1. I need a count of the residues in the range 84-114 that are among the polar types (S, T, N, Q), closer than 16 Å to Gly7 by Cα and open to solvent by 60 Å² or more (accessible area, probe 1.4 Å).
2. Go through the range 23-66 and give me each residue that's outside any loop (DSSP other than H, G, I, E, B) and free of Cβ contacts under 8 Å to residues at least 40 places away in the same chain.
3. Filter the range 10-28 down to the residues that are under 20 Å from Leu57 (Cα atoms) and surrounded by fewer than 14 Cβ atoms within 10 Å (Cβ to Cβ) and list them by number.
4. Picking from Gly64, Gly54, which residue would you name as being more than 16 Å from Glu97 (Cα to Cα), open to solvent by 30 Å² or more (accessible area, probe 1.4 Å) and of a type outside the set (A, V, I, L, M)?
5. Taking Leu40 and the conditions (1) surrounded by fewer than 15 Cβ atoms within 10 Å (Cβ to Cβ); (2) within 18 Å of Gln2 (Cα to Cα); (3) hydrophobic (A, V, I, L, M, F, W, C), which numbered condition does it fall short on, given that it satisfies the others?
6. Just name the residue that is farthest from Tyr36 (Cα to Cα) out of those in the range 77-106 that are in a strand (DSSP E or B), more than 10 Å from the chain's Cα centre (by Cα) and not aliphatic (A, V, I, L, M).
7. Any residue that is touching a Ser or Thr at 6+ places or on another chain (Cβ under 9 Å) and at pLDDT below 95 - is there at least one of those in the range 68-85?
8. How many residues are closer than 19 Å to Gly14 by Cα and within 11 Å of the chain's Cα centre (by Cα) when one looks only at the range 46-76?
Amino acid sequence: VQLQASGGGLVQAGGSRRLSCTASGTDFRFYTMGWYRQALGKQRELVPHMRAGGSTLYADSVKGRFTISRDNAKATGFLQMNSLKPADTAVYFCNLEAFGRAYWGQGTLVTVSS
């Protein structure tokens, strides 16, 4: 299973960014798809995830600003990030979990300038 994340970059505070994560080597639709982030010197944290059935869970810090979605036909997940803050600066990782297994993408850096 391979996950390819993209969409990171430099953005000004208040701006938006959309991350994508494309999976290969497995049937994407059966997995919980999540986005995690890790800021410098901090632990990796869950941002949102979306279960195979469509239910979602968001970290309090991103509620109302970030939206997770998925296109099962394209085996791709998305993270739309709006109203970005410098505190959102981190490496963002996509994740698939199901059947007792977890898979990680390589991470994409999002830097929010003030």
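The values are calculated or read from the model by the stated rules, or taken from the named source; none is laboratory data. If you're wondering where the values come from, they're calculated on a predicted model, not measured in any experiment. Here Cβ is always computed from backbone atoms with ideal geometry, including for glycine, and neighbour counts include all displayed protein chains. The accessibility values were calculated without ligands, DNA or RNA, using every heavy atom of the protein model including side chains. Shrake-Rupley method; radii C 1.70, N 1.55, O 1.52, S 1.80 Å.
1. Going through the range 84-114 one residue at a time, the tally reaches 1.
2. Passing the criteria: Glu45, Leu46, Pro48, Met50, Thr56, Leu57, Tyr58, Asp60, Ser61, Val62, Phe66.
3. Within the range 10-28, Arg18 is the sole residue that qualifies.
4. Gly64
5. Failed condition: (2).
6. Arg101
7. For the range 68-85, residues touching a Ser or Thr at 6+ places or on another chain (Cβ under 9 Å) and at pLDDT below 95: absent.
8. 4
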